[in-house]
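Please see the structure below; I have some questions.
The values are calculated or read from the model by the stated rules, or taken from the named source; none is laboratory data. This is a predicted model, so every value here is computed, not measured. Reconstructed Cβ throughout: ideal geometry from the backbone, glycine too, with neighbour counts over all protein chains shown. Side chains are part of the model used for accessible areas, which takes the heavy atoms of the whole protein and leaves out ligands, DNA and RNA. Shrake-Rupley method; radii C 1.70, N 1.55, O 1.52, S 1.80 Å.
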Amino acid sequence: MAPIPGSGLAKGLAVTLRTMTRKTVTAQYPDVQPELPPRTRGVIGLFEENCTVCMLCARECPDWCIYIDSHKETVPPAVPGGRERSRNVLDRFAIDFSLCMYCGICIEVCPFDALFWSPEFEYAETDIHELTHERDKLREWMWTVPAPPALDPSAEEPKELAAARKTAEKLAATQQAEPDEPEEGADS
C-alpha cells in the first residue's frame, strides 16, 4: 500500500497543534524559585570553627582556586609545668568561583568537616574579580547548608558506637554485680 501524499505533513501539524493547546510548564525564574534536589552543588560554605589550616583543600584542588593565609600563635600550657604549644590561626580563606569547577574534592578531603555544599546558586557578579569570595561570604552560606539525610534504620551500627555501648554495658554489669557496702557507723 502506498502512503497517502501529505500524510507526514498532516502528522507533523497534528503534533504542533496538540503542543500549542497544552498549558506551558515554563517556570518564570526570578518570580518562581526552582525545586532543587536536596544535596545540590551550589557554592561552598565554610564552617570556620572547624578549619585547622591543614591546607589539604588548597593542595588537592585541581584548579588552585582556594587561597589560604595563616599565622602561628603560641598557646599557653594546659596544665602547670606543661609546655607551650603552637597552633595555626586562619587569616584568609577565599575561593575564586570564576576558576572553580565544582568537583567537590576540597569538601571530600577536608578531615575536619569545615567545607560543605550549599544549594545557593544566585551569586552572579558583573565583574569577574568579585567572584573571589572571602571567608565572611563563605561563612554566610554555611547557614543555608541542609542537614544531612537521616541514617538508614537497617544500616549496621558504627563500630565506634558499638564499642562504646559494649563498654558501657560491661561497666553497668560489674556495678550491679558488686554488692553495696554498708556505711560505717550505721546502726543495724
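Every residue in the stretch 121-130 that is among the aliphatic types (A, V, I, L, M) and assigned to a loop (DSSP other than H, G, I, E, B), please.
Within the stretch 121-130, just A124 meets the criteria.
Take the residues in the stretch 26-40 that are of a type outside the set (V, I, T) and open to solvent by less than 70 Å² (accessible area, probe 1.4 Å); name whichever of them is farthest from L138 (Cα to Cα).
If we take residues in the stretch 26-40 being of a type outside the set (V, I, T) and open to solvent by less than 70 Å² (accessible area, probe 1.4 Å), then A27 is farthest from L138 (Cα to Cα).
Just for the stretch 137-162: of the residues that are exposed (fewer than 11 other Cβ atoms within 10 Å of the Cβ) and assigned to a helix (DSSP H, G or I), which one is modelled with the highest pLDDT?
That would be W143.
I need the strands (runs of 3 or more DSSP E) fully contained in the stretch 41-102, keeping only those with at least 1 residues that are open to solvent by 50 Å² or more (accessible area, probe 1.4 Å) and more than 12 Å from L115 (Cβ to Cβ).
Filter on the stretch 41-102 gives 66-75, 85-96.
Might you let me know whether the stretch 108-120 holds any residue that is of a type in the set (G, A, S), in a loop (DSSP other than H, G, I, E, B) and exposed (fewer than 14 other Cβ atoms within 10 Å of the Cβ)?
no
Picking from K23, K11, which residue would you name as being open to solvent by 50 Å² or more (accessible area, probe 1.4 Å), out of contact with any Asp or Glu (no Cβ under 9 Å at 6 or more places or on another chain), part of a helix (DSSP H, G or I) and basic (K, R)?
After applying the criteria, what remains is K11.
List pairs: first in the stretch 104-130 and in contact (Cβ under 8 Å) with a residue 60 or more places away in the chain and under 16 Å from P38 (Cβ atoms), second open to solvent by 60 Å² or more (accessible area, probe 1.4 Å) and part of a loop (DSSP other than H, G, I, E, B), Cβ under 7 Å, 6+ apart or cross-chain?
Every condition considered, the pairs that remain are G104/R41; F116/F47; W117/R39; W117/R41; P119/L36.
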